[in-house]
């Protein structure tokens with residue numbers, strides 16, 4: 001039986017996952033193939049944010065054509081997570097990245113947590 005208490009849901013105007021800073025995301029970088037690592041590193045801007053991230057609109061400018069490693073559906077494959085655990089894993093990853101990027105008491109984290117609760121109702 002699948003546990004629906006953790007149903008991952010992305011929120012708009014967050015962008016925490018677009019903070020690619022390799023020094024802060026070694027585990028993510030090491031999970032990628034050599035080709036994807038090269039793509040990832042080519043996307044890192046001088047400030048550590050993805051070069052495709054629109055900081056004013058807090059959104060991805062290439063969302064429909066983003067690399068596979070930017071898709072939550074790939075997390076299970078990259079980190080060997082079972083399909084029925086992906087929602088909980090993605091939720092934990094997002095919380096960690098949002099805390100790291102915006103802070104543990106940020107409005108973004110509160111919006112994310114509210115969205116996760118709404119997704120399970």
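The values are calculated or read from the model by the stated rules, or taken from the named source; none is laboratory data. Quick caveat, the model's predicted, so the values are computed rather than measured. Ideal geometry is used to build each Cβ from the backbone, glycine not excepted, and the neighbour counts take in all protein chains shown.
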The residue that is farthest from residue 114 (Cα to Cα), considering only those in segment 48-70 that are without any contact (Cβ under 8 Å) to a residue 24 or more places away in the chain and surrounded by 12 or more Cβ atoms within 10 Å (Cβ to Cβ), is 51
Would you tally the residues in segment 86-110 being in a helix (DSSP H, G or I) and loosely packed, with under 15 Cβ neighbours inside 10 Å? 5
Considering only residues that are more than 21 Å from residue 30 (Cα to Cα) and touching a residue at least 24 places away in the same chain (Cβ under 8 Å), which ones fall in segment 89-107? 102
Matching residues in segment 23-44 (surrounded by 14 or more Cβ atoms within 10 Å (Cβ to Cβ) and over 17 Å from residue 89 (Cβ atoms)) number 8
Quick one: is residue 77 surrounded by 12 or more Cβ atoms within 10 Å (Cβ to Cβ) and within 22 Å of residue 34 (Cβ to Cβ)? yes
Can you tell me which condition residue 81 does not meet? The list is (1) assigned to a helix (DSSP H, G or I); (2) touching a helix residue (DSSP H, G or I) at 6+ places or on another chain (Cβ under 8 Å); (3) modelled with pLDDT under 95; (4) over 15 Å from residue 18 (Cα atoms), and all the others hold. (1)
Within segment 13-42, count every residue that is over 26 Å from residue 107 (Cβ atoms) and outside any loop (DSSP other than H, G, I, E, B). 13
